[in-house]
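The values are calculated or read from the model by the stated rules, or taken from the named source; none is laboratory data. These figures come from a predicted structure and were not determined experimentally. So basically every Cβ, Gly included, is an ideal-geometry build from the backbone, and we count neighbours across all protein chains shown. The area values use the complete protein model at the heavy-atom level, side chains included, leaving out ligands, DNA and RNA. Shrake-Rupley method; radii C 1.70, N 1.55, O 1.52, S 1.80 Å.
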Amino acid sequence: GGGGGGGGGWFTGSSGLMENVTPDGTPGHGYDLGFAAELRGIACRYSGEAWVVGSAGLLLYTSDAGATWTPETVPTTADLRALATQDAGPVFVAGNGAFLVTKDTGATWTELSVGTAAFRSLAAAQEGETVLALSDDGGLWSYDGARVQRTATLAGMRAVSVSPDGELAIAAGNGMMRSQDGGATWSPLAVD
């Protein structure tokens, strides 16, 4: 699974695994959710808010730093594999043939048309407008505030990340690529 947020990192996995790794790299505490679900990613916002995605449309939310987790209702039963948050803005959730956006902390969700795209990575600028998603086939998708559309193919890339202002983006996989204009153009980086 993936991780996000400050104060170290969080990992998710099978059988409801949700585990904290502290900034010094040692295992911290985990959460017993009381059920064994396939969890695929986590994104944190501020010190107490977090979202977790999983198989069959599973979306969990906490606003009290994980003391309680609430299953959220979303308009899909697709396997959800990636998510990203903006500081005071939307939350984005993506998976197999699904791309969802909430602008009101999960009260309502909008499902955007993506055909059969299977998303594996999603990144949102915390302080900017840039939102990028990467599908299994290397497709780079961009969200413009109303729709998500495929804008490029980054062959061999499996993960994407953006800077807080959204200008710098990095894609990694079979090599690395960089964009310095919010994902509009890409160039390969020389790496071993």
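Mind listing just one residue for me: the one in segment 173-192 that is in contact with a Leu (Cβ under 9 Å, 6 or more places away or on another chain) and assigned to a strand (DSSP E or B) and, of those, least open to solvent (accessible area, probe 1.4 Å)?
Among those residues, the one meeting the criterion is Ser179.
Hey, which of the strands (runs of 3 or more DSSP E) in segment 76-157, taking only ones fully inside, have at least 2 residues that are open to solvent by 20 Å² or more (accessible area, probe 1.4 Å) and of a type in the set (S, T, N, Q)?
In segment 76-157, 148-153 are the strands (runs of 3 or more DSSP E) which contain 2 or more residues that are open to solvent by 20 Å² or more (accessible area, probe 1.4 Å) and of a type in the set (S, T, N, Q).
Filter segment 158-172 down to the residues that are surrounded by 17 or more Cβ atoms within 10 Å (Cβ to Cβ) and among the aliphatic types (A, V, I, L, M), then identify the one that is farthest from Ser135 (Cα to Cα).
Across segment 158-172, the extreme among qualifying residues is Leu168.
Cβ contacts < 6 Å: first residue over 18 Å from Trp141 (Cβ atoms) and in a loop (DSSP other than H, G, I, E, B), restricted to segment 158-169; second residue among the acidic types (Asp, Glu) and modelled with pLDDT under 95, any location; separation 6+ or different chain. Result?
Matching pairs, first to second residue: Pro164/Glu127; Asp165/Glu127.
Right, Val53: closer than 24 Å to Ala78 by Cα and modelled with pLDDT of 65 or more or not?
So Val53 passes the test.
When you check Asp79 against the structure, is it modelled with pLDDT of 90 or more and in contact with a Lys or Arg (Cβ under 8 Å, 6 or more places away or on another chain), yes or no?
So Asp79 passes the test.
Do we have any residue at all in segment 27-44 that's among the charged types (D, E, K, R), at pLDDT below 85 and not in a loop (DSSP other than H, G, I, E, B)?
yes
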